[in-house]
2 protein chains.
Amino acid sequence: VSERLIPVVFQPSGKTVSVPSGTNLFSLMTELGLTHSATCGGKGKCGKCKVKVETGVEAINASTESELKHLLPQEIGQGYRLACAISVPPVPSFTVRTSSIRQGKLKLQTEGALVSISPDPAVRKYVIRLIDSDLPAEEMLLALLKRKYALSCQMDYEVLTMLPAAIERGKGFVTCVVYQGNTVIAVEPGDTGRDCLGFAADIGTTKVAVYLMDLNSGKELSFSAAPNPQAIYGDDVMSRIAFSMAREGNTLILQKILLKEVAHLVRDCCTKARLKPRSIYEGCFVGNPCMMHLLLGFSPRSLAFFPYKSVSHHSVTLKARELPVRLHVHPAGRIFTLPLIAGFVGADTVAALIAVRQNKPHGVQMLLDIGTNTEVVLSDEKGFMACSCASGPAFEGMHITHGRKADSASIEKVSVDPETLEVTFQTIDGAKPAGICGSGIASAIAELLRVGVIGTNGKIRGELSRKTHRVRKVRENFFEFVLAWKHETDIGYDITVSQKDVLEVQKAKAAIYTGCTLLMRQKGITADQVQSMTIAGAFGQHVDKASVRAIGMFPDVPLDRIKEAGNAAGTGAKMALISRQKREEAAHVARSTKYYELALDEDFTREYATSMLFPRQPSPMINSVEEKVESKNAHR
Amino acid sequence: VSERLIPVVFQPSGKTVSVPSGTNLFSLMTELGLTHSATCGGKGKCGKCKVKVETGVEAINASTESELKHLLPQEIGQGYRLACAISVPPVPSFTVRTSSIRQGKLKLQTEGALVSISPDPAVRKYVIRLIDSDLPAEEMLLALLKRKYALSCQMDYEVLTMLPAAIERGKGFVTCVVYQGNTVIAVEPGDTGRDCLGFAADIGTTKVAVYLMDLNSGKELSFSAAPNPQAIYGDDVMSRIAFSMAREGNTLILQKILLKEVAHLVRDCCTKARLKPRSIYEGCFVGNPCMMHLLLGFSPRSLAFFPYKSVSHHSVTLKARELPVRLHVHPAGRIFTLPLIAGFVGADTVAALIAVRQNKPHGVQMLLDIGTNTEVVLSDEKGFMACSCASGPAFEGMHITHGRKADSASIEKVSVDPETLEVTFQTIDGAKPAGICGSGIASAIAELLRVGVIGTNGKIRGELSRKTHRVRKVRENFFEFVLAWKHETDIGYDITVSQKDVLEVQKAKAAIYTGCTLLMRQKGITADQVQSMTIAGAFGQHVDKASVRAIGMFPDVPLDRIKEAGNAAGTGAKMALISRQKREEAAHVARSTKYYELALDEDFTREYATSMLFPRQPSPMINSVEEKVESKNAHR
């Protein structure tokens, strides 16, 4: 039997492949490109590779421990399994249904605030009209650059290997590509002055975004984004560090898989803009310290252990050809990273800082860059101080029962009627929901808090199950709230917020609140002194600032002083790419930011514990609801 | 028949291989490593792949035009053929005899004058005792280098990728490899301070020599040399330039084949010295302009056409890993070339100049670096002036009927008895001769001139054939002189000096003499003002300076002011490797040398024509011999 091929049908697409029985379903799906929205790489740890077995269920292997942990009893009863836990059974036909393969294009947050700064790029092109000369080719060209453009340059070695051919083909003209006004990095035949491109790349733990920029005009030409392919080696930074330490060569594996994705995105950007990747002469990278280490091939080991040191916190510049993967850009093109601030505060934060800090700042400024780690930077005339909060991935839709990354099938906004507790929800593209994303979970909890389904201690009030079917008991002392009934969804089962989900949000918001509070205390600043608070990160683009303030994510800064900057890191990367002044600013910011280690603050534990509570709501809806429920019951 | 394999026997080794009939014999020999002392690459142009067919001669293809040109009628009668002109015939067994496969190890001139200079290398090692620190690894190491050794360094990108592992394995110690006192190019675990190597390479058109040097002590540890493998694409510079221009990619072919030989020699040096190539951190290359261009992958095209420009005349530095062939040295090791003076005066001349010019020179100095191109440099307190003479390869044993490169079977010194015209010869290792090398041909002609067999016009006096069988007529008005009878040789036929050989020597020495004369005239200097004349090059090591002065190779500088420097270029390369001061001196010398283009001197043609004559001999033996011969005849 093991030699017979079993047809495996994937619903709803109907896609069918025949494989030997015993093939692991997760591996098969990965191979077919039927990827999942979240993954531990098929290790049974994340519970996100849920499928529903429709035929062949009788012959399948028994549920694993991992499935018992990640699936609800009713799901198991309905035939739901984890793809990573099952093998294709020896049956005439095996049919599975999965929602993840139907998911829309990931909504990756890549748009930053648009900023106009004058282009002052490090790479410029100079057209040279050749003359007859007895001088060696190199000398002649350098002399002409000096005479015509007052540039004192040297020439990269590799240029010399191309020079005679360029001069011969140029028929009287060549174009010199000059880096930092002092180094000729390429010479091209003819006048190619118009094509002078660069790219900015924002390397997130979960997503990678690339922006193609015109270095002459400073304009963005196209962009492209994709999930960070390192995710197959672990969802979060710590599991990737663990993977890189597990075996020599693993760091290189992580570096290469990332660079291949960057190469792919760069090509995609160029295809969109109908331009050649070879006209790209510079690339600016930002990301958290671990991503920058893995991008450059540095071991991230020291980031994982106290005192959380980086290998280098400087900006690193190298030639594209020095990378172990070809990016398709000009091989002499320069690749650089922005500097890091500390082991947990990276080039993304530096980029966000230069992006939001456009003019001379006055008064106290605060930046929150929200992600799995949330960075908080506080600045006043005395300088910068930064901390990093282990907020966890709840606001990115992870570690949440029905959480998912923001895509077209994600609930992103929720309203709850205070009277009926009925729900109105909104998905990102208006599609039927398959889960809830980070901004959705914040919105849902703010609403449940507002209407009193959740108390300040975070407890879902189980007694409300008497008033509404939406509040229901899962097990003793463990309730959930139904956001969407299964018939309203795309996945065939209810989408809920469970007590555990509320706890995840409490932990996340407590971490951020604690960071803000301790940093402000350290600087002797109160919330009303903060002149401007910028919320950056994927989260910062979609969220309703009122609702996140309502759940107590940060101190009580007046709403009109809060602004969302979207992907400020990406914006900063673009700025550093097109402006040498911004690059210097990045170096200055990184050097002059003091890192504050929250874990060493003696108030940390106490502050964190207190912050777990939700703020008291302005109009205590809760009591009125409770009263009504109780009065109804009294009438029975 | 064509499918049958024919056994081919090579004598005298007896080596046998079976190949299809129709296989070209030259290709087969090349494939088997039975290389020839000189070669045009099998194009029928050099006539040096002579073999004697012993069995199978009846079935072989007819003589080609090339063979009729390169072989003497009597040779053809005896079964001599050119390997490149014949195919393996369809016979039961095919036997050929070749002397070239028995030739001794090439005597490559690689020893330069030994000079003691204090080592002041660009690469030094510093051992660091690590401390616990909160600083990033890079910062910590740079801080310790500053504190302990007062060095302000930056770190190469690649070092950062190795740093954490080196620190972990070093158990408290690491060794920093510092280049130019300002750049950390490698970090190694533990104390590796002792192993700090470099190599110097002298890239000649015909040979490549590599010297392994200890950078700490400045001592030479081993050396290894081999023929330049580019020879299969042409014997001389011009044919290699032609090859490189013939097709895109050919320059890379020439670069790679050369680098592979360098890599082989570097390994060989390390094996001899029982040291690891990875401990080599720097390599210095010298050679003529074309060799430097091909080494670096620069197109040599512009060197071949007026105004004979180089692509770059500067010293070029790159990382070993940037070369298209791995040299097995440390990948971050630096490779550099010495600068060029002009399109025909290269890094070898610059190296020779810094080698011979050890102290402050006083008075007029003259350097002759003799090769296929001979460079002449004249210096006085006003500066340097150089020219290049197209002397041709006669003094390297080429373009000479029985010429060969210097090896154990080469005649290097000749005496002719003025009375009997009998010859005494000396081979390099005392072996039976197979031909005559450059110093041998100079010695032979000086002797024939001294005893009067050759007149000042270069004519072999045919009438002497009446006195001795050694002078014999080849065809009308064309005589040769027998140096060694066939029974005295290793090749089975007479070794002679023909009228054509004398002419080749006349052209060579006239070119050099003209260069010296015009350069001196340009500087207003006479022969007696020359305080010191140094003869460098392969030739300069073996030759009897009295005999080369006797044939009029250079102006009449007193013998005691002439010294032989051997391979001064190699010595200069070693010096530049171990001393940064010598490197600066090289830059200075290259910058301040004026190139004098002989071809533009209006006296050139006249001077050259006059110089074709040999000098009148001090004791005109010629007349007395002639008289004796005549008087003998008179007595008959």
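The values are calculated or read from the model by the stated rules, or taken from the named source; none is laboratory data. Predicted, not measured: the structure shown is a model, and the values here were computed from it. No Cβ is skipped: glycine too gets one built from the backbone with ideal geometry, and neighbour counts run over all protein chains shown. Calculation scope for accessible area: heavy atoms of the full protein, side chains included, ligands and nucleic acids excluded. Shrake-Rupley method; radii C 1.70, N 1.55, O 1.52, S 1.80 Å.
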Q | Shortest-first nm distances, B:Ser152 label point to equivalent points in other copies (7 Å, Cα→Cβ) | A | 1.8
Q: Starting from the amide H of B:Leu483, placed 1.01 Å from N in the peptide plane, find each other amide H under 5 Å away whose residue is 5 or more places distant or on another chain.
A: B:Ile495, B:Thr496, B:Val497
**Q.** Nearest-10 value in Å² for the accessible area of A:Lys260, using the 1.4 Å probe
**A.** 130 Å²
Q | Computed magnitude of the charge dipole of the range B:294-391 (debye, nearest 20; Cβ of K, R +1, Cβ of D, E -1) | A | 420 debye
Q: Provide an ascending nm list, one decimal, of label-point separations from A:Gln78 to the equivalent residue in each further copy; define each label point as 7 Å from Cα along Cα→Cβ.
A: 10.1
**Q.** Under 5 Å, built H, 5+ apart or other chain: amide partners of A:Gln426
**A.** A:Glu412, A:Lys413
Q. Of the GluC sites (Glu not before Pro) in the range B:575-618, which ones lie in a loop per DSSP and count no more than 12 other C-beta atoms within 10 Å?
A. B:Glu602
**Q.** Vicinal HN-Hα couplings computed from phi for the range A:21-28 (Karplus, 6.51 cos²θ - 1.76 cosθ + 1.60; Hz; Gly/Pro x)
**A.** 5, x, 5, 5, 5, 5, 4, 4
Q: Would you work out the relative contact order for the range A:438-532, in percent, from Cα pairs under 8 angstrom that are 6 or more residues apart?
A: 16 percent
Q.
If I take R0 = 30 Å and measure r between the Cβ atoms of A:Ala431 and A:Ala546 in this structure, what FRET efficiency does the formula 1/(1 + (r/R0)^6) give, to the nearest 0.05?
A. 0.75
Q: Give, rounded to the nearest 20 debye, the magnitude of the charge dipole that the range A:429-517 has about its Cα centre when Lys and Arg contribute +1 at Cβ and Asp and Glu contribute -1 at Cβ.
A: 380 debye
Q: Work out the mean other chain Cβ neighbour count within 10 Å for the residues of A:161-169 and drop it here as an integer.
A: 4
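Working out 0.36 nm times the residue gap between A:Ala143 and A:Arg475, then minus their Cα-Cα distance, what length gain in nm do you get to one decimal?
111.3 nm
Okay, helix-only estimate at 222 nm for chain A: each DSSP H run of n ≥ 4 adds -39500 (n - 2.57), divide by all residues, round to 500 deg cm²/dmol; what do you get?
-9500 deg cm²/dmol
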Q) Which distances in nm, rounded to one decimal and ordered from shortest, link the label point of B:Ala59 to the equivalent label points in the other identical copies, with labels set 7 Å from Cα toward Cβ? A) 6.8
(Q) Compute, for the protein assembly as shown, the length of the dipole vector about the Cα centre, with Cβ point charges of +1 (Lys, Arg) and -1 (Asp, Glu) only. Units Debye, rounded to 20. (A) 720 debye
**Q.** Per DSSP, loop GluC sites (Glu not before Pro) in the range A:210-288 with at most 10 further Cβ within 10 Å
**A.** A:Glu248
Q: Give the accessible surface of the protein assembly as shown per residue, rounded to a whole number of Å², with probe radius 1.4 Å and ligands, DNA and RNA excluded.
A: 41 Å²
Q: Could you pull the accessible area for B:Cys437 with a 1.4 Å probe, rounded to 10 Å²?
A: 0 Å²
Q) Which of the GluC sites (Glu not before Pro) across the range B:372-407 are loop residues per DSSP, with 16 or fewer other Cβ within 10 Å? A) B:Glu381
Q) To the nearest 0.05, how large is the calculated FRET efficiency for A:Gln522 and A:Phe305 if R₀ is 35 Å and r is the Cβ-Cβ distance? A) 0.90
Q. Can you list the residues of the range B:449-489 with backbone N under 12 Å from a point 7 Å past the Cα of B:Gln74, pointing along Cα to Cβ?
A. B:469-475, B:480-487
Q. Does any residue of the range B:318-356 lose at least 30 Å² of accessible area with all protein chains in place compared with its chain alone, and if so which ones (probe 1.4 Å)?
A. B:Glu322
Q) Using a 1.4 Å probe, how large is the accessible area of B:Arg321, given in Å² and rounded to the nearest 10? A) 100 Å²
**Q.** Karplus-derived HN-Hα couplings along the range A:225-231 (A = 6.51, B = -1.76, C = 1.60, θ = phi - 60°), whole Hz, x at Gly and Pro
**A.** 9, 7, x, 5, x, 5, 4
Q | Between helix A:157-169 and chain A: long-axis angle, C-alpha atoms, 0 to 90°, nearest 10 | A | 70 degrees
Q. List for the range B:119-155: residues with 10 Å² or greater reduction in accessible area, all protein chains versus chain alone, probe 1.4 Å?
A. B:Ser133, B:Asp134, B:Leu135, B:Pro136, B:Ala137, B:Glu138, B:Glu139
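At 1.4 Å probe size, with the rest of the protein present, what percent of the exposed accessible area of the range A:320-430 is carbon and sulfur atoms?
48 percent
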**Q.** Estimated buried accessible area (total), pair B and A, 1.4 Å, Å² to nearest 100
**A.** 2600 Å²
Q | Axis proximity, chain A to B: residue whose C-beta lies nearest, plus whole-Å distance | A | A:Glu322, 4
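In terms of the Cα gyration tensor, with a ≥ b ≥ c the square roots of its eigenvalues, is chain B rounded because a/c is under 1.5, prolate because a/b exceeds b/c, or oblate?
Oblate.
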Q: Place +1 on the Cβ of every Lys and Arg and -1 on the Cβ of every Asp and Glu in the range A:474-558, take the dipole about the Cα centre, and give the residue among A:Thr517, A:Thr534, A:Met553 whose Cα lies farthest towards its positive end.
A: A:Thr517
